[in-house]
Structure formats: C-alpha cells, structure tokens
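S.K.: Quick one: the structure is below, and I'll ask about it shortly.
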Amino acid sequence: MIFLKVLMLLFLISGFGTVFAAKAIVQKFKLDERTTCDFEDEITEEELVKYKFDKAVLNVKMAGMLIAFPGLILLLIIYR
C-alpha cells in the first residue's frame, strides 16, 4: 500500500508541476516555434506569435494533466 501512495504522489507532483510550469517550459524549450497554425495567412504576425505560444502552453498543460491522471485514479482507489 505504501508503494501505491508513493507512486500516486510521484504522478501527481510531476503532472501538476508540469501544468503549473507550462509557460516556463514552453519558453525554455522554444516549443512555440515548432507549433503549426493552419490559418497563418489570415491573421497578423503579433496574433500568430500569441496564438502559437498559447497553443504550445495548452499542449504542455494537457500533457501534464495526462501525467497526473493515473495519480488521481490511484488517489480514488487508495482513499475510498
């Protein structure tokens, strides 16, 4: 049981840490430069930069929530 609690904490801390540090992660690894946009010719350059940054932050936050999800399931299983 202690193993499951440690595993739960590991998933939760790493997942929510990723969510809270999403902007810093995107800036550090320049993930916004690799993000694609289907309608680049329809918006201005400033809007395109902001859109790509926001899309990259959202992708990192979604990945963080996917990392934290098994921890939430373990939380429900352990403490029910």
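Only the coordinates and a few stated rules stand behind these numbers; no lab work does. Bear in mind the structure is a predicted one, so any value in this text is a computation, not a measurement. Virtual Cβ from ideal backbone geometry, glycine too; neighbours counted across all protein chains shown.
S.K.: Which of (1) touching a residue at least 40 places away in the same chain (Cβ under 8 Å); (2) in contact with an Asp or Glu (Cβ under 8 Å, 6 or more places away or on another chain); (3) not aliphatic (A, V, I, L, M) does Phe53 not meet, given it meets every other one?
M.R.: (1)
S.K.: Suppose we keep only residues that are of a type in the set (D, E, K, R) and in contact with a Lys or Arg (Cβ under 8 Å, 6 or more places away or on another chain) within region 1-44. Which one would you say is farthest from Gly64 (Cα to Cα)?
M.R.: Glu33
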